[in-house]
Amino acid sequence: MLDKYLYKHLFNPCKLKFKKQRKRLERFRVASVFRFTFDSMADDNSSRNLWPEIEKVEKESRRELVLQGPLIDSKIKNSGGLHASIYSLSLLNYLEISQCPSLNEIHEDIKHLSHLQSLILCRNKLTSVPSSIGDLKALKVLDLSVNQLEVLPEEICFLSELNTLNLSCNSLKALPEAISSCVKLASINVSKNALSQLPEKLWSSRLDHLSSIIASDNAIEQLSCEVHNLSSLKVLDLSNNKLQELPAELADCSKLKETNFKGNKLKDKRLEKMVNGCQTKSVLDYLRAGGRGKGKGKAQDGESGDKADAGKNSKKKSAGKQKGKKEEEDVDELNRMVVRVLHVSEAPSSVALKVSTSIKDVRPYIVCCIVKGMNLRQGNALKRFLIAQTKLHDEMCNKRTTATIATHDLSLLKTPLLYDARPPDTLKIIPLGRKEMKVTDLLRHLQQEADEQRKQKKRQNVSGLHRYLRLLDGKALYPCLVDAEDHVVSFPPITNSEKTKKMAELNKLTLELKDVDVGSDEELDVAGPVEDFTSSELIVLQVKVDDADGNLKVVYPSKTDLLSCPSNLSVIR
């Protein structure tokens, strides 16, 4: 603080009596004003010390921002959280912040991102979610998986446009009861939490878009009889919970195609055996027929005293017994299927795979195995295989950010293989459905196609391989799998080589898969030589992965992978 006298006369030094004092104070005033201005600018620059990723989005008015990995995590740790300017990017419609263990909270200012449609906050260590998230009225996709959440704000139910909700791998003990307010919800994943029950309003008929519920690996004790209200339900996974019964009303879900109740100790042991081995249709037929024929299902009306009705009930019971017998035969057929897992030393066609040291900081892990006995020619086997691979990419592989699945024709591979990381200007590949080109040219072509898609469809999101271009942003080296002749056979996470693809009835399949983009990895990337197998054996051969010095890194499938084998799988060593 200035002396009262100086403060009074600071900006009017002429009032001072002595000339010498007047000059000294004038110099003091100028220096003080200059220092004040300089310090203010320094403070402003400090607060505006933008991360390059955020600055680029701000300058170019971009609508997508992806922050992930060790570099971003280090910035979050040093800054004590996310840079405040991220909450001022009001044009964003896609925001992803993932794989950052130092991120444990999101500021309530996230409410300012009013145009946000997708918010991906997976694989961090979030312990809470601000209630202001309910202000994101345009939000359609919310991914909070793999964090440390124990509770969710009730305001999450205000997200009326929400379509996809992923809360898996947290520590949630309950879900907001008003979840039915999210009337456009189509998919919810709450697997690997600590839930003892699901909200009763989750089974509301208001949720007529809800097609997928994944709630495996919890402690759920009961499946509501109101499940039949979900008219669009196609997938229901309640495996590894504490269910003791399945309601007969489950059979009234007309669109239900895929169920998983494995790992539950059901009172009906026959039903327990069925859920561990039979297809969904068989389980639903069993429930519809009334379980063990004791009248639990809706197939019987419960009336007595009428001979005609009694005769009808008798026929239904007889039909139920016949169905039950057929289901037992189905289980026996499944149990006769054998998967042989051989040690690599016993496999005459074993593949040698080495990993270079340069891949460590790019995309460091790889496992592989050899699969034989797959007949992809008959019926829709190939289509089902591709759909399953696409589903794995979207769910378990977290849209290829966690992993990428590649399948090749073993007979076309030149071993040994090397998993390496190289500068993009040195890589060439024959991409699926394209001619040989440099990787840099491929990415440029894909980016141009993505921009063209946006213009034509007048939207920000793109499909096919274009969705994964951002995963290579900022990479000085690109991952690649090369064969013995140094040809690139795989360029993860983008595409595989045309040389090693295996496609049966390609033209026919292309017409059938209208919902899959032409040239996408999922459409063309198929494993194994096509042989006319009549045996039901599917053989999996282990492959070992060594480092550059020949030291073993991993074998897949490993002993750990084989510890918990299903009842219809036998391991022959």
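Here is how the numbers come out for the structure above:
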{"read-out": "Filter result for residue 188 (modelled with pLDDT under 95, in the same structural domain as residue 252 (by the TED database) and either under 21 Å from the mean Cα position of the chain (by Cα) or among the β-branched types (Val, Ile, Thr) (or both))", "value": "no"}
{"read-out": "Tally of residues being outside any loop (DSSP other than H, G, I, E, B) and either open to solvent by less than 30 Å² (accessible area, probe 1.4 Å) or not assigned by the TED database to the domain that holds residue 168 (or both) across segment 191-206", "value": "2"}
{"read-out": "Count - residues of segment 62-98 that are part of a loop (DSSP other than H, G, I, E, B) and not charged (D, E, K, R)", "value": "10"}
{"read-out": "Options 228, 209: the member that is in the same structural domain as residue 262 (by the TED database), open to solvent by 10 Å² or more (accessible area, probe 1.4 Å) and in a loop (DSSP other than H, G, I, E, B)", "value": "209"}
{"read-out": "Some residue of segment 37-50 being in contact with an Asp or Glu (Cβ under 9 Å, 6 or more places away or on another chain), open to solvent by less than 60 Å² (accessible area, probe 1.4 Å) and either closer than 28 Å to residue 136 by Cα or modelled with pLDDT of 90 or more (or both)", "value": "yes"}
{"read-out": "Residue identified as without any contact (Cβ under 8 Å) to a residue 24 or more places away in the chain and either more than 27 Å from residue 183 (Cα to Cα) or open to solvent by 10 Å² or more (accessible area, probe 1.4 Å) (or both) among 93, 78", "value": "78"}
{"read-out": "Of all residues making up segment 384-425, the number that are within 16 Å of residue 489 (Cβ to Cβ) and open to solvent by 50 Å² or more (accessible area, probe 1.4 Å)", "value": "6"}
{"read-out": "Exclusive hit being assigned by the TED database to the domain that holds residue 173 and at pLDDT 95 or above, set 65, 71, 89, 126", "value": "126"}
{"read-out": "Residue check for residue 432: touching a Ser or Thr at 6+ places or on another chain (Cβ under 6 Å), open to solvent by less than 50 Å² (accessible area, probe 1.4 Å), in the same structural domain as residue 357 (by the TED database) and at pLDDT below 85", "value": "yes"}
{"read-out": "Residue identified as surrounded by 19 or more Cβ atoms within 10 Å (Cβ to Cβ) and either at positive phi or in contact (Cβ under 8 Å) with a residue 24 or more places away in the chain (or both) among 256, 243", "value": "256"}
{"read-out": "Total residues in segment 127-148, condition under 18 Å from the mean Cα position of the chain (by Cα) and aliphatic (A, V, I, L, M)", "value": "5"}
{"read-out": "Residue in segment 261-274 that is farthest from residue 290 (Cα to Cα), counting only those that are surrounded by 18 or more Cβ atoms within 10 Å (Cβ to Cβ) and under 27 Å from the mean Cα position of the chain (by Cα)", "value": "264"}
{"read-out": "Yes/no for residue 476 being over 22 Å from the mean Cα position of the chain (by Cα), closer than 27 Å to residue 71 by Cβ and either modelled with pLDDT of 65 or more or part of a strand (DSSP E or B) (or both)", "value": "yes"}
{"read-out": "Qualifying positions in segment 170-179 - in contact with a helix residue (DSSP H, G or I) (Cβ under 8 Å, 6 or more places away or on another chain) and surrounded by fewer than 20 Cβ atoms within 10 Å (Cβ to Cβ)", "value": "176, 177, 178"}
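So that you can scan it fast, the table gives a plain yes or no per residue for (1) modelled with pLDDT under 85; (2) closer than 20 Å to residue 471 by Cβ:
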site	(1), (2)
354	no, no
372	yes, no
383	yes, no
392	yes, yes
395	yes, yes
420	no, yes
425	no, yes
447	yes, yes
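The values are calculated or read from the model by the stated rules, or taken from the named source; none is laboratory data. This is a predicted model, so every value here is computed, not measured. So basically every Cβ, Gly included, is an ideal-geometry build from the backbone, and we count neighbours across all protein chains shown. Quick note on the areas: whole protein, heavy atoms, side chains included, nothing else; ligands and nucleic acids left out. Shrake-Rupley method; radii C 1.70, N 1.55, O 1.52, S 1.80 Å.
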